[in-house]
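All remarks here apply to the structure that follows.
The values are calculated or read from the model by the stated rules, or taken from the named source; none is laboratory data. The shown structure was predicted, so the numbers you read here are calculated from the model rather than taken from an experiment. Only protein heavy atoms, including side chains, enter the accessible area calculation; ligands, DNA and RNA are left aside. Shrake-Rupley method; radii C 1.70, N 1.55, O 1.52, S 1.80 Å.
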Amino acid sequence: MTRIGFLGLGLMGSAMARNLLKAGFDVVVWNRSAQRCQPLVATGAKQGRTPREVVQGCPVTCAMVSDPSAAGELCFGESGVLEAMGPGKTYVDFSTVDPDTSRRIGAAVAARGGRFLEAPVSGSRKPAEEGTLVILAAGDRGAYEEMGVAFRALARKTLYLGETGRGAAMKLAVNLVMGEMMVALCEGLALAEKAGLAPEDLLDVLGAGALANPLFALKGPKMLQGNFEAAFPLRHAQKDLRLALGLGDLLAQPLPAGAAANECFKAARSLGAGGEDFSAVYRAVKAAAAAPGPPLGA
Ligand code: NA7
């Protein structure tokens, strides 16, 4: 049984570590708030005391934490990954970060003689639970090949995109599109409602034509019911837009629709929706629409 470390047991990490356990891996877990390890330990995982201890005991260690600062702290911090990194060790970071953060981590791991693979995932809580994520890997090619069995326990599709940073860039491009699509749906629903139409009818029409897509089909009805239980927390969606816009800045790529979508997500966070599903951006779009406007036809 291959031993594999897993650092970060949030919404995504817990589900992924559980799938590795189910696939027969000997999993050693660690989470900053230690109590989150309990459900995994109850189903057979071992628990490490620090990231360093996990890396010491495992040839392969995976991480899934919230953002660039968390990924950096995990790697470079006290009792962090780097302290135990060395030849024969592989570090796989599933977190969504910017390409620069990923390259910094990759270079530090390689400087210690270890192998680094960035592997952000497309898909939220349900695909993580069902092992049907899409993995966007980049970095050490040998490490990628050797992760095949583990990746098959986590994902329905895996891509190898080349050198470190390209997986992160792909993930940010994907989530840029997703954030923009979500705001587009919210605006359509808000406009339909303000125009006296049933927003359910708009979903029906969208679903019947060329604009039909699984995102609208899955999220639309829940949004109209006010069900914003987090599958992909809104604060992470806004973080991804911020990182995508940062990448656009660096590359001088104008992203006006992304910038507008980011403002909507920021407004939703300011309404306290950061921990809700990213579809709760609807609340911010509707709050703006709730401002008294001129009567129809004026
Ligand atoms: P969650 O459910 O918000 O979980 C975030 C995890 O990151 C959780 O385990 C946190 O530990 C951990 N975290 C946050 N900051 C740190 C620091 N500084 N050091 C160590 N660990 C930290 O996120 P998801 O699982 O939904 O998403 C994870 C990633 O996938 C993210 O990049 C998304 O954009 C996609 P805690 O339990 O708070 O102690």
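Going by the alpha-carbon gyration tensor, a ≥ b ≥ c the square roots of its eigenvalues, is segment 202-252 rounded (a/c under 1.5) or, if a/c is not under 1.5, prolate (a/b greater than b/c) versus oblate?
Oblate shape, in that a/c is at least 1.5 and b/c is the bigger or equal ratio.
With the chain treated as a Gaussian network of Cα nodes joined by springs under 10 Å, which of Leu176, Leu117, Leu255 yields the largest mean-square fluctuation?
Highest fluctuation of the listed residues: Leu255.
Quick check: from the Cα gyration tensor, does segment 120-191 come out rounded (a/c under 1.5), prolate or oblate?
Oblate is the answer for segment 120-191, as a/c is 1.5 or above yet b/c matches or exceeds a/b.
What does the accessible area per residue of the chain come to in Å², with a 1.4 Å probe and no ligands, DNA or RNA counted?
I get 46 Å² per residue for this part.
Which lysines, if any, have their Cα less than 20 Å from the Cα of Lys22, not counting same-chain residues under 8 positions apart?
Straight-distance partners of Lys22: Lys46, Lys126, Lys157.
Looking at the square roots a ≥ b ≥ c of the eigenvalues of the Cα gyration tensor of segment 3-148, which shape do they give, rounded for a/c under 1.5, prolate if a/b is larger than b/c, or oblate?
Rounded shape, in that the Cα axes give a/c under 1.5.
Counting only DSSP beta bridges with both residues in the chain, what percent are antiparallel, rounded to the nearest 5?
Antiparallel bridges: around 15 percent, rounded to the nearest 5.
Where the accessible area of the chain is counted over protein heavy atoms with a 1.4 Å probe, how much of it, in %, is carbon and sulfur?
The computed percentage sits at 56.
For the chain, would you read off the P(r) tail past 28 Å as a percentage of all alpha carbon pairs?
41
With springs only between Cα atoms under 10 Å, which of Thr43, Thr164, Thr96 fluctuates most in a Gaussian network model of the chain?
Thr43
Quick check: the distance between the Cα centres of segment 122-179 and segment 50-102, to the nearest angstrom?
If we compute the Cα centre of each part, the gap is 17 Å.
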